[in-house]
Amino acid sequence: MRVLLLAAAGAALFGQTVQEARAFLDAAEADLLKQSNYLNRAQWLQSTYINPDSEMQAALANERYIESAKGYAKAATKFDKLKLPPELARKMTLLKISLTLATPSNRNEATELTQLVAKMESAYGSGKFCRDAAADKGKCLDLTAISSLMATSRDAKELADLWQGWHRISRPLRKDYTRFVELGNKGAKELGFADKGAMWRSKYDMTPDAFAKEVDRLWEQVRPLYVKLHAYTRMRLREKYGASVVPANGPIPAHLTGNMWAQSWDNIYDVLEPKNAAKNFDLTEKLKERKLNEIEMVRYGERFFQSLGFAPLPKTFYERSLFVKPQDREVVCHASAWDVDNDEDLRIKMCIQITGEEFAVIHHELGHNIYQRAYRQLPYLFRDSANDGFHEAVGDTIALSITPEYLVKVGLLDKPTDPSGDIGLLLKQALAKVSFLPFGLMIDQWRWKVYSGEITPANYNAKWWELRRKYQGVDAPGRGEGDFDPAAKYHVAANVPYTRYFLAHILQFQFHRALSQAAGCKDPLHRCSIYDSKEAGKRLNDMLALGLSKPWPDALQAITGKREMDATAIKDYFAPLEKWLDEQLKGQPVGW
Ligand code: X8Z
Ligand code: ZN
């Protein structure tokens, strides 16, 4: 009693009580929810109708939202000395770290910053490469068209041309980006963070420094596997394109990987497939053979989630989503998932291509929607994933269950593949997932250093390529400071943190292993599909329904029984492939 009285007296000293804290949070949540609903609509319009008007509306809504959120973050510090019940204390913390962009308090600077972000995203979304008119019938190529050529062309000269052509769109963004960094840092510092990178790293229930170390630790766990995959890929690319194009022991030329950013290499599986092994099926071919359209592809994804026990998507999902690139206007084609009213208005926005790669992306996006729906009844501040890596991992986890057996079950494949083709399957999967790891890491290694001032505008591009070489072992010769290659990647131009995808690529294998166990799968992990398993679905939902209400280790425990992010699951999954790679690499150079 005495202690309580003293605590109450202490609180009164600062003029704040638990009741006041609760009232403050209730009001903040109600206001932010309302503003978020408005911001989402403005941003949806900006992304699906790129023009100066929608850009301005989105920038303005963003400015208002950020100003309010920043106001609440600052006001929350008034309660710092007060001992609060855990739920309220967590909400106070979340208020302080929720933003990925903080505007400076100076009104003109705030406007300038939000307009810069909107402008860079639009510029990226409407970027074009106008190459030799004869080849393209006078039409300029957008990123969707360029990406599809990068995935399928095996002509080194054409690939280099496409690569360079796309990387021209970001040159004019260098000046904007420089200013955007300056103003974004100013806003972050006003909130008490060392810089904007530290603000981003503060979202993981540990200190920013501890998080940076955690990421390094995970990378060290998987790096040996990546280096082997890299060496094998380089060896086979050298056979294909010749010694004058691919070095024996240096970095891989980025334009030969089948992907604009060399972030996943599964598009060149045909070049790298194991010699003398059973031929693997090609999902793109199967989808085309069956003449599936975009919506039918989405339906497969939806049915997968339903098979786990999740409810069908709302009718409005099909009415309001964007599945097909419109011909009459510019849109941001980069795939995304939306929860427009923070409740049931779920949508995806994606210029779907009929390919196996996009089939997986559809599952990725639907994973976001299913997560959003699972936490929609929590208080506003808890309506998010346990950490941002979790959000990115859910749909990918489901996509890991797209096994040959699953495809046979749903009629997309005629007969199961022979187990002798497993190395091919694993290689293809590694080219999608393992190759991604250093890319998932390096983007924010670059941005964290940009925000801390360690990388300056004078060496933006040189340092970008230093990190590309260091982590990925890929290169593009002849780049200079006249180029600004970072902003030729969506998430840099659009201010989306990227370490989330690195985490997701570790987490999804942890989730897959745990859910496969829940589903009773005794096969090697790459053969397990959780399709139709209500047990797996329940386990998954237990985690999703927690939203952001608890620190992420609690959520991880709910699904895996363990509290640590850990790369042993991805290593287990690829263990047979790693052994095979070791054999292929006997006497070959490894590393760069
Ligand atoms: O941006 C995405 C998703 C939307 S959240 C399509 N991804 C990253 C990328 O494309 O760079 C998924 C994997 C990595
Ligand atoms: Zn995503």
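No lab work stands behind these numbers, since they all come straight from the coordinates. This one's a predicted model, so the numbers in the text were calculated from it and none came from an experiment. Glycine also receives a Cβ, built like all others from the backbone with ideal geometry; neighbour counts cover every protein chain displayed.
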For this session: Determine, for each peptide in 193-206, 368-381, the mean count of other beta carbons within 10 angstrom over its residues, then list the peptides with the highest first.
Result: 193-206, 368-381
For this session: Rank Ala42, Leu60, Gln19 by how far each Cα sits towards the positive end of the charge dipole of the chain (+1 on Lys, Arg Cβ; -1 on Asp, Glu Cβ) and give me just the farthest.
Result: Gln19
Problem set entry | Relative contact order, percent, the chain [alpha-carbon distance under 8 Å, six or more residues apart] | 18 percent
For this session: Would you mind ranking Lys433, Lys157, Lys409 by Cβ crowding within 10 Å, fewest neighbours first?
Result: Lys157, Lys409, Lys433
For this session: Keeping to pairs on different chains or 8 or more places apart, tell me how many lysine pairs in the stretch 3-152 have Cα atoms under 20 Å apart.
Result: 20
Problem set entry | Inter-probe distance in nm under a simple model that places probes 7 Å from Cα toward Cβ, at Lys586 and Ser68 | 6.6 nm
Seminar exercise, completed: One finds, for Glu109 and Arg171 with R0 = 41 angstrom and r their Cβ-Cβ distance, a FRET efficiency to the nearest 0.05 of 0.95
Problem set entry | Simple Cβ-charge dipole of the stretch 417-465, Lys/Arg +1 and Asp/Glu -1, about Cα centre, in debye nearest 20 | 220 debye
Exercise. In the stretch 54-126, what trypsin sites (Lys or Arg not before Pro) fall in a loop by DSSP, with at most 16 other Cβ atoms inside 10 Å?
Worked result: Lys81, Lys83
Problem set entry | Per DSSP, loop trypsin sites (Lys or Arg not before Pro) in the stretch 475-525 with at most 11 further Cβ within 10 Å | Lys522
Exercise. What's the FRET efficiency of Asp132 with Glu220 using the Cβ-Cβ distance as r and R₀ = 41 Å, to the nearest 0.05?
Worked result: 0.35
Problem set entry | For the chain, calculated [θ]222 nm from helices alone, where every DSSP H run of n ≥ 4 adds -39500 (n - 2.57) | -18500 deg cm²/dmol
For this session: Considering only lysines 8 or more places apart in sequence, or on different chains, count the pairs in the stretch 320-477 whose C-alpha atoms sit under 27 Å apart.
Result: 14
Problem set entry | Assigned charges on the beta-carbon of Lys, Arg, Asp, Glu; the chain dipole about Cα centre (debye) | 680 debye
Problem set entry | Under 16 Å from Lys586, Cα to Cα: lysines that are on another chain or at least 8 residues apart | Lys228, Lys275
Seminar exercise, completed: Amide H neighbours of Asp475 at under 5 Å, excluding residues fewer than 5 places away on the same chain, with H built from the backbone geometry, are Ile252, Ala254
Exercise. If the cut-off is a Cα-Cα distance under 16 Å, which lysines reach Lys157, setting aside same-chain residues fewer than 8 apart in sequence?
Worked result: Lys240
For this session: Just round it to a whole percent: the fraction of Cα-Cα distances in the chain exceeding 40 Å.
Result: 25 percent
Exercise. Between the stretch 565-589 and the stretch 52-67, what's the alpha-carbon centroid distance in Å?
Worked result: 47 Å
Exercise. What is the Cα centroid distance between the stretch 302-362 and the stretch 238-292, reported in whole angstrom?
Worked result: 28 Å
For this session: Classify the stretch 131-229 as rounded, prolate or oblate from the Cα gyration tensor: take a ≥ b ≥ c as the square roots of its eigenvalues, call it rounded if a/c is under 1.5, otherwise prolate when a/b beats b/c and oblate if not.
Result: oblate
For this session: Among Tyr226, Val215, Met199, pick out the residue whose Cα is farthest towards the positive end of the charge dipole of the stretch 188-312, where Lys and Arg carry +1 and Asp and Glu carry -1 on C-beta, about the Cα centre.
Result: Tyr226
Exercise. In terms of modelled amide H atoms, which long-range or inter-chain residues lie less than 5 Å from the amide H of Leu141?
Worked result: Phe129, Cys130, Arg131
For this session: List the residues whose amide H sits under 5 Å from the amide H of Leu292, counting only those 5 or more places along or on another chain, with H placed 1.01 Å from N in the peptide plane.
Result: none
Exercise. Asp343 to Glu405: extension gain in nm, 0.36 nm per residue of separation minus the Cα-Cα distance?
Worked result: 18.8 nm
Exercise. Name the GluC sites (Glu not before Pro) in the stretch 306-356 that are in a loop by DSSP and that have at most 15 other C-beta atoms within 10 Å, would you?
Worked result: Glu344
For this session: Calculate, for Ala278 and Glu466, the FRET efficiency according to 1/(1 + (r/R0)^6) with r their C-beta to C-beta distance and R0 56 Å; round to the nearest 0.05.
Result: 0.85
Exercise. Relative contact order for the stretch 376-514 using alpha-carbon pairs under 8 Å, separation at least 6, rounded to a whole percent?
Worked result: 37 percent
Exercise. Within the chain, what percent of beta bridges assigned by DSSP are antiparallel, to the nearest 5?
Worked result: 65 percent
For this session: Give me the aspartates and glutamates in straight-line cross-link reach of Lys562: C-alpha distance below 17 Å, same-chain residues under 8 apart excluded.
Result: Asp205, Glu214, Asp542, Asp554, Asp572
Exercise. Once phi is turned into θ = phi - 60°, what whole-Hz ³J(HN,Hα) does the Karplus curve with 6.51, -1.76 and 1.60 give for every residue of the stretch 567-582, x standing for Gly and Pro?
Worked result: 8, 5, 5, 5, 5, 4, 4, 9, 3, x, 5, 4, 4, 5, 4, 4
Problem set entry | Whole-Hz ³J(HN,Hα) from phi, Karplus 6.51 cos²θ - 1.76 cosθ + 1.60, for the stretch 552-564, glycine and proline x | 4, x, 5, 5, 5, 5, 4, 9, 10, x, 10, 9, 10
Exercise. Which stretch or stretches of the stretch 175-210 have amide N atoms under 14 Å from the point lying 7 Å from Thr77's Cα along the Cα→Cβ direction?
Worked result: 187-195
Problem set entry | Listed residue (Ile146, Gly127, Asn185) projecting farthest to the positive dipole end of the stretch 37-186, Cβ model | Asn185
